[in-house]
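Here is the structure we will look at, set down as structure tokens.
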Amino acid sequence: MEILSISIDKKSLGQIEQVQKRLGFKSRSKMLRTAILSMLSDYEGLEALKGNVECVFVITYKESEKNHVSDVLHKFEDTIRTELHQHRSGTCIDILDISTGAQRIREFYNILKKKKCIYSVTYTVINESGR
């Protein structure tokens, strides 16, 4: 097994240690490996998509950054069929029903994952016509 070194601020490290204890991981390394493998699985699932795809995305982000996220959503407004927006304690939650080509789904996901203001991005494939 290879060893990787990362730098992380104290606040994030504290959050990682809390989650580690709550989930029962024996080490931070095991928990971080699991998280990385989960992220890789998401990417592999997206890469395998073909044809037209309908997905539901759930996005959480800082309420103070809603304009940045809104700018991204406007670039994809032709693909968003339904949007539900909710506020919770300074956090915005968007649930989006998106229908478009597989490549455009990947593009949307990749842009969202790179935004620092976004806490989480998850997706569920509802229908795929390319298989």
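Read-outs throughout are calculated quantities, based only on the coordinates presented, and are distinct from any laboratory measurement. Here the structure is a predicted model, which is why all the values come from computation and not from measurement. Cβ placement follows ideal geometry from the backbone for every residue including glycine, while neighbour counts extend to all protein chains displayed.
Things worth noting here:
- Between region 1-73 and region 86-131, the alpha-carbon center distance in angstrom: 13 Å
- In the chain, helices alone account for a calculated mean residue ellipticity at 222 nm of -14500 deg cm²/dmol, with every DSSP H run of four or more residues adding -39,500 (n - 2.57).
- ³J(HN,Hα) computed for each position of region 85-90 - Karplus, 6.51 cos²θ - 1.76 cosθ + 1.60, integer Hz, glycine/proline x: 10, 9, 10, 9, 6, x
- Backbone geometry of region 4-21 corresponds, through the Karplus equation with coefficients 6.51, -1.76 and 1.60 at θ = phi - 60°, to 3J(HN,Hα) couplings of 10, 10, 10, 9, 8, 6, 4, 4, 5, 4, x, 5, 4, 5, 5, 5, 4, 5 Hz, x marking Gly and Pro.
- Cut-off 14 Å between beta-carbons: net charge of the residues surrounding Val58, Lys and Arg +1, Asp and Glu -1: -2
- Three-way shape label, the chain, alpha-carbon gyration tensor, a/c 1.5: oblate
- Order of Arg81, Arg33 - criterion: other Cβ atoms within 10 Å of each residue's Cβ, fewest first: Arg81, Arg33
- Amide H contacts of Tyr119: Thr60, Tyr61, Lys62, each under 5 Å away and 5 or more positions distant or on a separate chain (H built 1.01 Å from N in the peptide plane; Pro and chain starts excluded).
- Taken one residue at a time, the phi angles of region 72-82 give Karplus couplings (6.51, -1.76, 1.60, θ = phi - 60°) of 5, 4, 5, 5, 10, 4, 6, 9, 7, 8, 9 Hz. Gly and Pro are set to x.
- Note: relative contact order over the chain, using C-alpha pairs below 8 Å and six or more positions apart, is 33 percent.
- Projecting the Cα positions of Ile95, Ile111, Asn127 onto the charge dipole of region 51-128 (unit charges on Cβ atoms of Lys, Arg, Asp and Glu, taken about the Cα centre) puts Ile111 furthest along the positive direction.
- Assigned charges on the beta-carbon of Lys, Arg, Asp, Glu; the chain dipole about Cα centre (debye): 700 debye
- Neighbour-count order for Arg104, Arg22, fewest beta carbons within 10 angstrom listed first: Arg22, Arg104
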